[in-house]
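In what follows, a structure is listed as structure tokens, so that the remarks can point back to it.
The values are calculated or read from the model by the stated rules, or taken from the named source; none is laboratory data. None of these values were measured; they are calculated from a predicted model. Here the Cβ positions follow ideal geometry from the backbone for every residue, glycine too, while neighbour counts run over all protein chains shown.
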There are 2 protein chains.
Amino acid sequence: MNDELNRKLYEMHAEICKVLTNPKRIEILNLLRDGERSVGDLALIAELPQTSVSQHLAFLRQKGMVLSRRDGSSIYYAVANEKIFSAMDIMKELLLENLQADQELVAGLAGGPVTAGATVKKYRRKAGQ
Amino acid sequence: MNDELNRKLYEMHAEICKVLTNPKRIEILNLLRDGERSVGDLALIAELPQTSVSQHLAFLRQKGMVLSRRDGSSIYYAVANEKIFSAMDIMKELLLENLQADQELVAGLAGGPVTAGATVKKYRRKAGQ
DNA sequence: TGCAAATATTTGAATATCAATATATACACA
DNA sequence: TGTGTATATATTGATATTCAAATATTTGCA
């Protein structure tokens, strides 16, 4: 019955996560951690072309992740919901823990096939490539 | 000095977040919430072609988000780090809160331009489109 | 009104992603 | 060894994303 609705929800869920899949957007969001900033400031600090910053801000705005406020000729952006930082932090932790696991895997392989085989036998991490 | 390294980190951070930007991957991850499942089961439950499930699992595996274990002719997948669920949950909360905010905005606009104007004056939510 | 600064939007080319199809591999069992 | 089942990989065409360059809009101020 609400199969259709579920699918729609998954789509929206995936869609909003796209906010975090561009390195420049992540950098911009990080710059907004300690409060609002103007477009020009963001461009200056991140060393990005204004037009690029503006594009990413438009995207973030369209997804409801940032709010904008005009003051004179400048426009200030702020994060709409601080929860985005929690999500970012968790994903970063995941990234770092994965990197660490990979490193341990490599170290294990270097230590000889016998012990290495034992540590990766039950579950396979990153088969292929 | 580590400007280059920072950029690399942002890239990897953005890259790992791609795990969450496909509705089918989100559904698959949700199915793994209560433990491991075989590829066939996942395909059956999610009503997706096996080849599609396999592709998404390969992607998740390549990003280190799932581990696989072979048992006979079946291959069982499990989430590698439960933190991914926290990130998913937060993003979903964000989504729902945004939907709610939009709804309130619409309700405000329907209530007449005077009060509506007052509620959205300071910060702008979703300018354009 | 006209000009400059700040920001936004549009456009096009390169690249990435997706789903579907076809093909390949690994295992179990006879 | 041969066959069937489970899973993986490769390819292809359609669609989406990205970046940068050009252009447009808004505001402040002379």
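Tally time: how many residues in the stretch A:75-101 are without any contact (Cβ under 8 Å) to a residue 40 or more places away in the chain and within 16 Å of DNA strand D (Cβ to nearest atom)?
Initial filter on the stretch A:75-101 (without any contact (Cβ under 8 Å) to a residue 40 or more places away in the chain): A:75, A:80-83, A:86, A:89-90, A:92-101.
Retained after the next criterion (residues that are within 16 Å of DNA strand D (Cβ to nearest atom)): A:75.
Number satisfying all stated conditions: 1.
All but one of (1) within 10 Å of DNA strand D (Cβ to nearest atom); (2) in a helix (DSSP H, G or I); (3) within 13 Å of chain B (Cβ to nearest Cβ) hold for A:Leu48; state the number of the condition that does not hold. Condition (2) is where A:Leu48 drops out. Just one residue in the set B:Leu57, B:Leu31 is within 15 Å of DNA strand C (Cβ to nearest atom) and modelled with pLDDT of 95 or more; that residue is B:Leu57. For B:Gly72, only one of the following conditions fails: (1) out of contact with any helix residue (DSSP H, G or I) (no Cβ under 9 Å at 6 or more places or on another chain); (2) more than 30 Å from A:Glu27 (Cβ to Cβ); (3) away from DNA strand D (no atom under 13 Å from the Cβ). What is its number? Every listed condition holds for B:Gly72 apart from (3).
The single condition among (1) part of a helix (DSSP H, G or I); (2) touching a Ser or Thr at 6+ places or on another chain (Cβ under 7 Å) that B:Tyr77 does not satisfy is (1).
Residues satisfying the criterion are absent from the stretch A:82-104 (criterion: at pLDDT 95 or above, within 16 Å of DNA strand C (Cβ to nearest atom) and more than 9 Å from chain B (Cβ to nearest Cβ)). Based on this model, can you work out whether A:Arg25 counts as in contact with a Phe, Trp or Tyr (Cβ under 6 Å, 6 or more places away or on another chain) and at the interface with chain B (Cβ under 10 Å from one of its Cβ atoms)? No; evaluated as a whole, the condition is false for this residue.
Might you let me know whether the stretch B:29-45 holds any residue that is surrounded by fewer than 15 Cβ atoms within 10 Å (Cβ to Cβ), among the hydrophobic types (A, V, I, L, M, F, W, C) and over 14 Å from the mean Cα position of the chain (by Cα)? Yes, the conditions are met somewhere in the stretch B:29-45.
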